[in-house]
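Just so it is clear, none of the values below were taken in a lab; they were calculated from the coordinates. What you see is a predicted model; the values in this text were computed from it and never measured. So basically every Cβ, Gly included, is an ideal-geometry build from the backbone, and we count neighbours across all protein chains shown.
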């Protein structure tokens, strides 16, 4: 930057500083280490940059600066770019993964349900109160578990599903050896489920237009249809 004080070189400096901050921000004493590093380099950096930049508290910094760094640190402004301060590293706590959280045990699923958003809890409550004739208890239980695991989203379109929109689909059909186990169920929007099983071209076209499917979504739907020995749409 001393020989070429451009915005590009300032941005390169910032990308390096942000990179090492992100890499080490979970270390226990990282703030102490970066404070010492900044202290050791302070005189060197000041002497090198004082002729090409202004040393000040950031005024109206860009959103990225405000997101990662506080305005309480003085830093150099080179070519209208504020340099990220070395000492101002924000630490993060490393959270351990609980082995109790499991989709395949009753206790594990209960822990997952407790962490759900309030709006999902309401939809899950509605699902528990609903009934589907001729479906097994295993199917009904795994239907709710699958919905909570997918955070209430359709597994093909990613759209949020209200309880009234939920269709729990057998990936491998029952008549071809499928079952009601968790791994064979998929949570889909009811229109997507209908499209997978539909054979009438007019109805297929109506559903495709209604859902606004992308090419990737259509490829997934055709894979589902293949399991039912149906032609691609």
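Quick rundown of the values:
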{"quantity": "At R0 = 30 Å, FRET efficiency that the Cβ-Cβ distance of residue 202 and residue 104 yields, to 0.05", "calculated": "0.10"}
{"quantity": "Proxy reagent accessibility, fewest Cβ within 10 Å first, across 187, 132", "calculated": "132, 187"}
{"quantity": "Förster-model FRET efficiency, 45 Å R0, residue 171 and residue 4, C-beta, rounded to 0.05", "calculated": "0.15"}
{"quantity": "Fewest-first sequence of 68, 44 by Cβ atoms within 10 Å of each Cβ", "calculated": "44, 68"}
{"quantity": "Mean separation of Cα contacts under 8 Å, 6 or more apart, over the residue count of the chain: relative contact order %", "calculated": "14"}
{"quantity": "Using a Förster distance of 41 Å, the FRET efficiency for residue 141-residue 33 (Cβ separation, nearest 0.05)", "calculated": "0.20"}
{"quantity": "Calculated log₁₀ intensity ratio I(q)/I(0) where the Debye formula runs over C-alpha points of the chain, q = 0.09 Å⁻¹", "calculated": "-0.65"}
{"quantity": "C-alpha long axis of helix 118-129 to longest principal axis of the chain, angle in °", "calculated": "10"}
{"quantity": "Overall form of region 8-52 per C-alpha gyration tensor (a/c, 1.5; a/b vs b/c)", "calculated": "oblate"}
{"quantity": "Length released on extending from residue 51 to residue 129, taking residue separation times 0.36 nm less the Cα-Cα span", "calculated": "20.9 nm"}
{"quantity": "Hull shadow area, averaged, region 28-72 [alpha-carbon convex hull, nm²]", "calculated": "4.1"}
{"quantity": "Residue-averaged [θ]222 nm for the chain, counting only DSSP H segments that reach four residues, each worth -39500 (n - 2.57)", "calculated": "-14500 deg cm²/dmol"}
{"quantity": "Ranked list, fewest to most other Cβ atoms within 10 Å of each Cβ, for 31, 136, 148", "calculated": "136, 31, 148"}
{"quantity": "Region 7-82 - Debye-derived log10 I(q)/I(0), Cα point model, q = 0.18, 0.28 Å⁻¹", "calculated": "-0.83, -1.57"}
{"quantity": "Quarter of the Cα convex hull surface for region 108-227, i.e. its orientation-mean projected area (nm²)", "calculated": "7.9"}
{"quantity": "Extension gain from residue 164 to residue 24, taking 0.36 nm per residue of separation minus the Cα-Cα distance", "calculated": "45.8 nm"}
